[in-house]
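Remarks on the structure that follows.
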Amino acid sequence: MSRKRGGGEIIDVESAATKQEKVFRSIKPDLVVVVGGKEFQEYSQHLCYSCEYFDNALRSGMKESWTKRFEFSDKDPKEWELVRSMLVPMGVKPRAEDVSIVLPWFDKLCCYEGVKECDKTLEAHLRAVFQGKFNGSASYRNGVPRPTGNIRPLTESLDLSLRFPGMGRSKQCCFELMSCILTTNRHLLKDMTDRATIASLMTTNEEFRKTCWAVMNGNLPAPIAAQHPSADESLLENGLWAGLILSAMVEAPNGYRY
């Protein structure tokens, strides 16, 4: 299975397994990973080196420690093929489109190096995507880029970075870009799905809620500000209020104070 990266470089996913076999050619696979009914012959040394999940299970006296068999019946075998190709020490790096697939696996398997690579990939992807939508120096505010265009990659990345620990770099990038949108690019929130996603994340994540409120407070449409003169970020704990406030900020006429 081959994959093409940006710039034309061809990456063979199967080459990672081939490299693994060369490293461990003096020993036979001693572990079976069953994903969605499909069996994969694996090396315990390799999996334990990459993932604390396997290391802890094999040391703990659990059933897997003597059966040498791990089952993930509700997972897709194709996902495991992708995950195993990325395990250290000789794995390939995740592409941006891989992150949403492999990150849940890396989190479950306590593969911290994999999470780290996903974090770096996602941050680089966001900056590249929005950098391509900038229009010169006028598209910057206090050194932070001002994106123009569809923000679905941002809302999807924000959801991922908030759901999984270890995604600090991409999360901070999302916060910076979202703050920029809420202050100077609210027209990018015209899409109701994006607004609903952001409102939902506000209600469930305190850190994101506080970040949003820091840039929204004082910039609310006049009627809302007048009704809640002493409001704080707790106003955003209610998903309906959060959605209404975002809608009001986007749709507010020019006469409103921004």
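Exactly one condition in (1) under 21 Å from Thr155 (Cα atoms); (2) modelled with pLDDT of 90 or more; (3) in a helix (DSSP H, G or I) is false for Phe130; which is it?
The failed condition is (2).
Tally time: how many residues in region 84-117 are closer than 22 Å to Gly37 by Cβ and at pLDDT 95 or above?
Result for region 84-117: 6.
Where residues in region 218-234 are surrounded by 11 or more Cβ atoms within 10 Å (Cβ to Cβ), among the hydrophobic types (A, V, I, L, M, F, W, C) and farther than 16 Å from Arg195 by Cα, which of them is nearest to the chain's Cα centre (by Cα)?
Looking at the filtered set, the residue picked out is Ala231.
Among (1) farther than 30 Å from Leu109 by Cα; (2) modelled with pLDDT of 85 or more; (3) within 24 Å of the chain's Cα centre (by Cα); (4) surrounded by fewer than 19 Cβ atoms within 10 Å (Cβ to Cβ), there is one condition Thr183 misses while meeting the rest; what is its number?
Result: Thr183 passes all but (2).
Looking only at region 139-165, which residues are crowded, with 17+ Cβ neighbours inside 10 Å, at pLDDT below 55 and outside any loop (DSSP other than H, G, I, E, B)?
Ser139, Pro145
Inside region 1-59, can you point out the residues that are assigned to a loop (DSSP other than H, G, I, E, B), surrounded by 14 or more Cβ atoms within 10 Å (Cβ to Cβ) and modelled with pLDDT under 90? Give the steps one after another, and end with the answer.
Step one: of region 1-59, the residues assigned to a loop (DSSP other than H, G, I, E, B) are 1, 5-9, 24-30, 36-37, 43, 51.
Those still in the list that are surrounded by 14 or more Cβ atoms within 10 Å (Cβ to Cβ) too: 24, 29, 36, 43, 51.
Selection gives Phe24 alone.
Could you list, in sequence order, the residues of region 107-121 that are part of a helix (DSSP H, G or I) and either in contact with a Cys (Cβ under 7 Å, 6 or more places away or on another chain) or of a type in the set (Gly, Ala, Ser) (or both)? Step through it out loud before you land on a result.
As a first pass, look at region 107-121 and keep what is part of a helix (DSSP H, G or I): 107-108, 112-121.
If the condition is that a residue be part of a helix (DSSP H, G or I) and either in contact with a Cys (Cβ under 7 Å, 6 or more places away or on another chain) or of a type in the set (Gly, Ala, Ser) (or both), then Gly114 is the only one that fits.
So which residues in region 65-89 are surrounded by 16 or more Cβ atoms within 10 Å (Cβ to Cβ) and either of a type in the set (Asp, Glu) or assigned to a loop (DSSP other than H, G, I, E, B) (or both)?
Selection gives Lys75, Glu79, Glu81, Ser85, Met86, Leu87.
Being at pLDDT 90 or above and loosely packed, with under 15 Cβ neighbours inside 10 Å: is that true of Glu251 here? Break it down stepwise before answering.
On the way: at pLDDT 90 or above: no; loosely packed, with under 15 Cβ neighbours inside 10 Å: yes.
Here the answer is no, as Glu251 does not meet what is asked.
Name the pairs whose Cβ atoms lie under 9 Å apart, with the first residue in region 155-184 and without any contact (Cβ under 8 Å) to a residue 12 or more places away in the chain, the second among the hydrophobic types (A, V, I, L, M, F, W, C), and 6 or more positions between them or separate chains?
Qualifying pairs under 9 Å: Arg163/Leu103.
Out of the residues in region 186-198 that are surrounded by 18 or more Cβ atoms within 10 Å (Cβ to Cβ) and more than 17 Å from Ser161 (Cβ to Cβ), which is nearest to the chain's Cα centre (by Cα)?
Ranking the qualifying residues of region 186-198, first place goes to Arg195.
Residues of region 166-180 being over 13 Å from Phe130 (Cβ atoms), surrounded by fewer than 20 Cβ atoms within 10 Å (Cβ to Cβ) and charged (D, E, K, R), which ones?
Result: Arg169, single match.
The values are calculated or read from the model by the stated rules, or taken from the named source; none is laboratory data. Computed from a predicted structure; not experimentally measured. Counting neighbours? That spans all protein chains shown, and the Cβs are built from the backbone with ideal geometry, glycine included.
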